Amino acid sequence: MQKRREIFRELLSKDNVMILTHKSPDGDTLGTAFALCRVYALQGKKAAVVCSDRIPVSYRFLTEGKIMLEADFSPDCIVSVDVADAKLLGDSFSGYADRIDYGIDHHPSNTGYAKKTIVDSAASSAGELLFDLLKEAEIPFDRQTAVCLYTAVTSDTGCFKFANVTPHTHQVAAELLQYGFEAEPINRRLFDISSLEQLKIEADVISRIESYRNPAVTVATLPFSLLENAGEDLEFGALSSIPRRIEGTVIGISMREYEKDAVKVSLRSMDDRIDVSAIAAVFGGGGHKRASGCVFLCPLEEAKKRLLDEVFRHYDRVFGGRE
Ligand SMILES: [Mn+2]
C-alpha cells in the first residue's frame, strides 16, 4: 500500500488540476480546495476550484467574490476534497465520478470512489488533514494558504466548539496563526454575521420548534412556504445549530423543505452513545457519528414522521424507552 505521504507528493507533482468540492459547499470543502489550489499556484502550476452550487456569501472572501466556480480548461488531474461520496459532487460534476484521481477527506464514510484516497477520520476537518499532509511532505506555503486552511478548520469545528476538536486541532490553528493574518474577521464573518432576512427566517424556525422525549429530541422545521419568496443568498448552515442550543437536547434535528416535497435533514448528536450517521444511513444519507444528514423526497410532514420513528428507535434503545 502506498503511504499517504507518497500519494500526496504524487498528487502535488501534477499540473492542470481541477479541484472538486462538495455540493452545498461549506467552509471546509472551499477552504481546503482553495488552500490546495494556492499550493499548486505557488509551484507555478495551473489549478482551479469548481463547485456545483452557488458560493454562500460568508465564503466569498475565499473566491474573490465569485458566486459560481467553473474551470475553463480540461484537466490532466482531478482531486476532490471533503467529498465523502461521488454523489455529493452535485449534478454539474456527477459526470466526473469515475475520473477522480485523488480524494482528500476526513469522513469515515468515504466510499473510496477516487483512484487514490487519503482519509483521516481523526482530523476535525479536511483543512486540518491538508495542513498535516503539507507539513509531512515539507511543502512550504504562504499566508493566503494559511487563511484558507484556518477557514476550513474553524468552519468544520464550529469555531473550535465541536466534539471533533482535539489538542492537535488547536496546534494546527496555532501554527496557522503564525502566518500573521487576523482570525477575528474570519470568525465574525462565518459565525456572527447574517442578513436581517436570515435572522427573521431563523426566528420563524425557532417559533416552530418541536420537542419530544422531554426534550431530548428537538426538531426544527423550515417549510418550503417560508422560502418561496426568500432571497437567493440565504444560508442554512446556522439552522442546523438551532436545535442543539435548547437545553436538554440529545438529538438535534433540522429539516428544510428546499423544494416542494424535497427535504434536507441535518442530525446532530450531543451524546457519544447516539450515532446519528446510523440514523441517516437508514435513509440513504451519512456523515459523522455526531453530525450527519440525509434527504427525503416527500412532503415535510411525512419525512418528519418517518425520520422520528427511526430516531425514537435509536434513542429508546440507548436510553431504555420513554422517559
Ligand atoms: Mn469537512
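Quick notes on this one:
- Residue in the stretch 25-39 that is over 16 Å from Thr151 (Cα atoms) and under 17 Å from the mean Cα position of the chain (by Cα) present: no
Residue-wise test of (1) touching a helix residue (DSSP H, G or I) at 6+ places or on another chain (Cβ under 7 Å); (2) closer than 21 Å to Lys289 by Cβ.
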residue: Lys200; (1), (2): no, no
residue: Ile206; (1), (2): no, no
residue: Asn214; (1), (2): no, no
residue: Glu228; (1), (2): no, no
residue: Glu235; (1), (2): yes, no
residue: Arg244; (1), (2): no, yes
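- Among the residues making up the stretch 7-29, those that are touching an Asp or Glu at 6+ places or on another chain (Cβ under 9 Å) and part of a loop (DSSP other than H, G, I, E, B) are Lys14, Asp15, Asn16, Thr21, His22, Lys23, Ser24, Pro25, Asp26.
- Positions within the stretch 30-54 being part of a loop (DSSP other than H, G, I, E, B) and more than 16 Å from the ligand (Cβ to nearest atom), in sequence order: Gln43, Gly44, Lys45, Lys46, Ser52, Arg54
- Test result for Thr151, under 21 Å from the mean Cα position of the chain (by Cα) and surrounded by 15 or more Cβ atoms within 10 Å (Cβ to Cβ): yes
- Just one of the listed residues (Ala203, Ala220, Ala216, Ala238) is more than 23 Å from the chain's Cα centre (by Cα) and surrounded by 15 or more Cβ atoms within 10 Å (Cβ to Cβ), and it is Ala216.
- You will find that of Ser225, Ser211, Ser266, the residue that is within 22 Å of Arg306 (Cα to Cα) and at pLDDT below 95 is Ser225 and no other.
- Within the stretch 22-81, the only residue that satisfies the criterion of being at positive phi and of a type outside the set (Gly, Ala, Ser) is Glu64.
- Candidate set: the stretch 139-171, residues that are among the aliphatic types (A, V, I, L, M) and either out of contact with any Lys or Arg (no Cβ under 8 Å at 6 or more places or on another chain) or assigned to a helix (DSSP H, G or I) (or both); chosen: the one nearest to the ligand (Cβ to nearest atom): Ala152
- Of the residues in the stretch 58-70, at least one is closer than 23 Å to Val153 by Cα, crowded, with 16+ Cβ neighbours inside 10 Å and free of Cβ contacts under 8 Å to residues at least 12 places away in the same chain.
- Only one of Glu136, Glu128 that is modelled with pLDDT of 95 or more and either away from the ligand (no atom under 11 Å from the Cβ) or surrounded by fewer than 24 Cβ atoms within 10 Å (Cβ to Cβ) (or both): Glu136
- For beta carbons closer than 9 Å, sequence separation of 6+ or different chains, a first residue in the stretch 99-114 that is in the same structural domain as Leu89 (by TED's automatic domain parsing) and a second that is of a type in the set (Phe, Trp, Tyr) and away from the ligand (no atom under 11 Å from the Cβ), the qualifying pairs are Ile100/Tyr113; Tyr102/Phe8; Gly103/Tyr113; Ile104/Phe8; Ala114/Tyr102.
- Restricting the stretch 20-29 to residues that are crowded, with 24+ Cβ neighbours inside 10 Å and within 11 Å of Val83 (Cα to Cα), the residue that is farthest from the ligand (Cβ to nearest atom): Leu20
- Residue count, the stretch 278-288 (criterion: out of contact with any strand residue (DSSP E or B) (no Cβ under 7 Å at 6 or more places or on another chain) and surrounded by fewer than 21 Cβ atoms within 10 Å (Cβ to Cβ)): 3
The values are calculated or read from the model by the stated rules, or taken from the named source; none is laboratory data. Since the structure is predicted, the reported quantities are computational estimates derived from the model, not experimental observations. Virtual Cβ from ideal backbone geometry, glycine too; neighbours counted across all protein chains shown.
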